[in-house]
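A.B. asks: Have a look at this one before I ask anything.
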Amino acid sequence: VSQGYAAEMDNPLMAHLISPELQNKKDILFGNMEEIYHFHNRIFLRELENYVEYPELVGRCFLDQMEDFQIYEKYCQNKPRSESLWRQFSDSVFFQECQRKLDHKLSLDSYLLKPVQRITKYQLLLKEMLKYSKNCEGAEDLQEALTSILGILKAVNDSMHQIAITGYDGNLNELGKLLMQGSFNVWTDHKKGHSKVKDLARFKPMQRHLFLHEKAVLFCKKREENGEGYEKAPSYSYKHSLNMAAVGITENVKGDAKKFEIWYNAREEVYIIQAPTPEVKATWVNEIRKVLT
């Protein structure tokens, strides 16, 4: 991909095949794939080769390079931009010519998906290795490596959702780290509200997608998109947010193990949140508790 497509975009002999709108868009289309390639080629592969005779110790290899794996996060965050560019120009003569020269059966977009597939595959490989390394030296490192890779996958997944938020005026990066995101049923009960509004609110929940940051929790409405692959990725229209500094939490709502309350400004606004499962609720309550303490 680097040599047969990316480098060809700078090849003067191919320039006549590239439409003006596609020029200078190399970074959007390929993201930091080159960086991922060099990391594997120069660093990670060599490290792995040191453990050919001691596969059970391979966990160390992951742990030593864990910071470098964050380059995948950058790649995945750029993926939607890359996808939409590809869709505009997928039938370009330039891409067809590159594919012909490489004699690839599949078009470029299949290869651009590889890094996303690769980072997902690592956790499967580590799980398999753990299965056969129960009581041997290195099992702890393998477990830790798996946990770290799962952490990176969660961060990648969360950030993919976060970049799909529309209508938020401020800068999301100022809200601190994104800790959790997920879909819930939400009922509201506002002290100031008209009593009619309160009664209605009790019965019919709103579907909301919540994003918990260190400094605020965002309530968004999820919009499903039609289309293929990343196109199916939903977008979230921002509705409102609560500053974590003024938030309180009631961990148990009687009659339902999946519900908890978030209240604001000394219960002036109360949000009853229903998680899909008691486990999801427990995870969220724990994270919110950590932020509040």
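A.B. asks: Please count how many residues of the stretch 258-278 are more than 25 Å from residue 164 (Cβ to Cβ) and surrounded by fewer than 15 Cβ atoms within 10 Å (Cβ to Cβ).
C.D. replies: Adding up the residues that qualify gives 5.
A.B. asks: Where in the stretch 1-86 are the helices (runs of 4 or more DSSP H), entirely inside, with at least 3 residues that are open to solvent by less than 70 Å² (accessible area, probe 1.4 Å)?
C.D. replies: Answer list for the stretch 1-86: 26-30, 33-38, 58-64.
A.B. asks: Next question, about the same structure. Would you check if there is a residue in the stretch 110-127 being part of a loop (DSSP other than H, G, I, E, B) and open to solvent by 90 Å² or more (accessible area, probe 1.4 Å)?
C.D. replies: We begin by selecting, within the stretch 110-127, every residue part of a loop (DSSP other than H, G, I, E, B); these are 113.
Filter once more, keeping what is open to solvent by 90 Å² or more (accessible area, probe 1.4 Å): none.
Scanning the stretch 110-127, I find no residue that is part of a loop (DSSP other than H, G, I, E, B) and open to solvent by 90 Å² or more (accessible area, probe 1.4 Å), so the answer is no.
A.B. asks: Next up: Restricting attention to strands (runs of 3 or more DSSP E) lying wholly within the stretch 234-280, give those where 2 or more residues are closer than 26 Å to residue 170 by Cβ and out of contact with any helix residue (DSSP H, G or I) (no Cβ under 9 Å at 6 or more places or on another chain).
C.D. replies: 235-243, 259-264, 269-274
A.B. asks: Quick one: is residue 131 basic (Lys, Arg) and open to solvent by 50 Å² or more (accessible area, probe 1.4 Å)? Before you say what the answer is, go through the steps one by one.
C.D. replies: On the way: basic (Lys, Arg): yes; open to solvent by 50 Å² or more (accessible area, probe 1.4 Å): yes.
Here the answer is yes, as residue 131 does meet what is asked.
A.B. asks: In the stretch 199-206, is there at least one residue being in contact with a His (Cβ under 8 Å, 6 or more places away or on another chain) and modelled with pLDDT of 65 or more?
C.D. replies: no
A.B. asks: On to the next question. Residue by residue through the stretch 54-107, note down the ones that are among the hydroxyl-bearing types (Ser, Thr, Tyr) and either within 17 Å of the chain's Cα centre (by Cα) or on the phi > 0 side of the Ramachandran plot (or both). Spell out the reasoning first.
C.D. replies: So the first thing to find is which residues in the stretch 54-107 are among the hydroxyl-bearing types (Ser, Thr, Tyr), and the list is 54, 72, 75, 82, 84, 90, 92, 107.
Those that are among the hydroxyl-bearing types (Ser, Thr, Tyr) and either within 17 Å of the chain's Cα centre (by Cα) or on the phi > 0 side of the Ramachandran plot (or both): 72, 75, 82.
The values are calculated or read from the model by the stated rules, or taken from the named source; none is laboratory data. On a predicted model such as this, the values are computed, not experimentally measured, just so you know. Positions of Cβ are generated from backbone atoms using ideal geometry, with glycine treated the same way; all protein chains shown enter the neighbour counts. Heavy atoms of the whole protein, side chains included, go into the accessibility calculation; ligands, DNA and RNA do not. Shrake-Rupley method; radii C 1.70, N 1.55, O 1.52, S 1.80 Å.
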